[in-house]
1. For the stretch 59-67, indicate whether the set of residues that are outside any strand (DSSP E or B), free of Cβ contacts under 8 Å to residues at least 40 places away in the same chain, crowded, with 16+ Cβ neighbours inside 10 Å and not polar (S, T, N, Q) is non-empty.
2. Take the conditions hydrophobic (A, V, I, L, M, F, W, C) and touching a Phe, Trp or Tyr at 6+ places or on another chain (Cβ under 6 Å) and apply them to residue 86. Does it pass?
3. Going through the stretch 38-55 one residue at a time, which ones are farther than 22 Å from residue 234 by Cβ and out of contact with any Gly (no Cβ under 9 Å at 6 or more places or on another chain)?
4. Among the numbered conditions (1) surrounded by fewer than 21 Cβ atoms within 10 Å (Cβ to Cβ); (2) assigned to a loop (DSSP other than H, G, I, E, B); (3) within 18 Å of the chain's Cα centre (by Cα), tell me where residue 84 comes up short.
5. Need pairs with beta-carbon distance below 6 Å; first residue of a type in the set (Ser, Thr, Tyr) and within the stretch 233-253, second assigned to a helix (DSSP H, G or I); sequence gap 6+ or separate chains.
6. Among the candidates 145, 118, single out the residue that is surrounded by fewer than 18 Cβ atoms within 10 Å (Cβ to Cβ), at pLDDT 95 or above and farther than 27 Å from residue 182 by Cβ.
7. From the residues in the stretch 228-253 that are charged (D, E, K, R) and in a helix (DSSP H, G or I), which one is farthest from residue 96 (Cα to Cα)?
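The values are calculated or read from the model by the stated rules, or taken from the named source; none is laboratory data. Bear in mind that the values here come from a model prediction, so they are computed numbers and not experimental data. Note: ideal-geometry Cβ built from the backbone for every residue, glycine included; neighbour counts use all protein chains shown.
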Amino acid sequence: MEVRRKIIIGNWKMNGQSKDLVDINLLLKKITQKEIDIVIAPPATLLYEFNGLNTQKNLLLSGQNCHQVELGAYTGEISAAMLKNAGANYVILGHSERRKAYKETSTLVRLKASEAVKQGLTPIICVGEHLKSYESNQTLNVIEKQLRVSLNSKIICDNPVIAYEPVWAIGSNKTPSPEEIETVHSFTRNHLSNRFGEHAANHCRIIYGGSVNKNNASKIFSLNNVDGGLIGGASLKAIDFLELIMIMKNSLT
């Protein structure tokens, strides 16, 4: 069976200015890509500057969103090609904050992911249920529908990252139980295998996001079929993110 390389992604969301990159020098001095993939998703305004600091390529970079077409009269939008040009390797798509605030559908996520693949970016496709669905035991039904519509054979061939982020857990200091996380990740892996084949399923990394912190990270990162984490607030300070990176590295042993 394929041994998937672990990945940790820090999503800065709408935080960060040039002055905040001073703290990044600490991160760049302390990390390497030797054991795990380490990714930061700063706001688009910092990508190019961030890439310039990252001379040793110790970090991989990600956009937080992209448009579904390459170029055109779309004021205020940013394309996958622009992200790639600024130094990005990945792009986060379908985050619950985008789905909720901007009414983004799984169909739109699929279009964006297809464009990202075309431009040489690896999509990080987010899926997750709201509290009402969780409490009514509909989690797997929600995940299945989001996966079914958000993915196609072209996207899966690029080995996208699938991020399970229960909406009710994001920023709440609450997480599903380890058994619940493992159930969703195993379900996702089986969905990919049944739909696209075992090879595709084994190469696709499935990660967890939603109130990951130093107290729960070790248990989460050690679960079967959890190939990493999508980190929000705990990635904003280098010292906090470094702690989670070390926890992930220790989970490999």
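1. Taking every residue of the stretch 59-67 in turn, at least one turns out to be outside any strand (DSSP E or B), free of Cβ contacts under 8 Å to residues at least 40 places away in the same chain, crowded, with 16+ Cβ neighbours inside 10 Å and not polar (S, T, N, Q).
2. yes
3. The answer is 49, 55.
4. Looking at each condition in turn, residue 84 falls short on (2).
5. Partner pairs satisfying both residue conditions: 235/241; 251/221.
6. 118
7. 249
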